[in-house]
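Inspection log for the structure reproduced underneath, given as structure tokens.
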Amino acid sequence: MELATLRQVLVYLVGLLACFGLWTFVIYWLHRWSHVHHRLNPLWWIHRAHHAEPYLREDSHPKWPTLGQFLFWLGGFRLSLDVVLVMTLPLLVIAWLWPKYAVPLLLFHYFYEVFLSESVLDHNPRITNRLTRWFAWGDFHLHHHVNLKKNYGLMLGLWDFLFGTAEAPAAGASLARIQARLQRLERTRRVAESARKSPAKSNVGGLSSA
């Protein structure tokens with residue numbers, strides 16, 4: 001490869017990374033703005049639907065995307081609109097300002113949202129290693145569903161550390177919460193089952209004594 005060509009490639013990659021960094025910076029602030037609880041803040045009204053989803057659950061394993069996800073329908077109107085407003089529209093503006101970076105950024109966004117964001121990376125409680133110090137995946141992002149004032153970054157944790165909103169959970173905290181929830185559900189099931197059996201035993205005893 002000629003030196004001039006190599007230089008052009010490096011310049012392009014630097015520009016691409018800069019646009020990606022700008023995009024994640026805008027996403028961070030829009031997501032943070034989405035948590036301003038005010039009746040005149042439409043982003044909060046839209047984003048609440050995301051936090052109503054039970055991401056901390058026992059079946060949170062990576063799954064093949066549904067047909068709706070391929071069409072950017074992410075489970076509901078507000079859930080889909082949330083991603084479009086906070087992530088897609090800022091990227092479209094960046095792609096319009098710097099069109100030579102548009103194709104790789106838009107392809108990455110589509111691939112990430114369809115194949116990776118749901119349970120593979122963002123909401124996968126099994127990602128608990130040092131990756132979560134750099135990328136807003138697994139425990140890092142799921143901790144945001146526990147503490148709404150922390151860990152606003154999507155894809156990158158960089159901006160949380162720079163702006164003082166990062167909070168690292170204990171390793172495996174999400175899995176521990178899932179296991180605790182399962183134990184509570186099991187105890188509730190046993191109590192309900194015991195309550196159903198007790199009246200039956202009382203009735204049997206009453207009939208035999210008569």
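The values are calculated or read from the model by the stated rules, or taken from the named source; none is laboratory data. The model shown is predicted, which means the values in this text are computed figures rather than measured ones. Every residue, glycine as well, gets a Cβ built from its backbone with ideal geometry; the counts of neighbours run over all protein chains shown.
The table for this structure:
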quantity: Meets criteria (closer than 24 Å to Leu22 by Cα, modelled with pLDDT of 80 or more and either surrounded by fewer than 12 Cβ atoms within 10 Å (Cβ to Cβ) or within 16 Å of the chain's Cα centre (by Cα) (or both)) for Ala195; calculated: no
quantity: Unique match (being of a type in the set (Lys, Arg) and touching a helix residue (DSSP H, G or I) at 6+ places or on another chain (Cβ under 9 Å)) among Arg39, Arg7; calculated: Arg39
quantity: Qualifying residue in region 127-135 (condition: under 11 Å from the mean Cα position of the chain (by Cα) and at pLDDT below 95); calculated: no
quantity: Subset of region 23-50 [part of a helix (DSSP H, G or I) and either surrounded by fewer than 16 Cβ atoms within 10 Å (Cβ to Cβ) or without any contact (Cβ under 8 Å) to a residue 60 or more places away in the chain (or both)]; calculated: Trp29, Trp33, Pro42, Leu43, Trp44, Trp45, Ile46, His47, Arg48, Ala49, His50
quantity: Residue among Leu30, Leu91 that is over 16 Å from the mean Cα position of the chain (by Cα) and not charged (D, E, K, R); calculated: Leu91
quantity: Condition check for Val86: β-branched (Val, Ile, Thr), surrounded by 12 or more Cβ atoms within 10 Å (Cβ to Cβ) and in contact with a Ser or Thr (Cβ under 9 Å, 6 or more places away or on another chain); calculated: yes
quantity: Residue check, Thr132 touching a Gly at 6+ places or on another chain (Cβ under 7 Å), touching a residue at least 12 places away in the same chain (Cβ under 8 Å) and over 18 Å from Gln69 (Cβ atoms); calculated: yes
quantity: Which listed residue is closer than 19 Å to Val36 by Cβ, modelled with pLDDT of 85 or more and of a type in the set (A, V, I, L, M), from Leu154, Leu142, Leu162; calculated: Leu154
quantity: In region 144-165, the residues that are surrounded by fewer than 21 Cβ atoms within 10 Å (Cβ to Cβ), farther than 23 Å from Phe111 by Cα and touching a residue at least 24 places away in the same chain (Cβ under 8 Å); calculated: His145, Val146, Leu148, Lys149, Phe163, Thr165
quantity: Positions within region 90-109 being over 22 Å from Phe140 (Cα atoms), surrounded by 13 or more Cβ atoms within 10 Å (Cβ to Cβ) and not β-branched (Val, Ile, Thr), in sequence order; calculated: Pro90, Leu91, Leu92, Ala95, Trp98, Tyr101, Ala102, Pro104, Leu105, Leu106
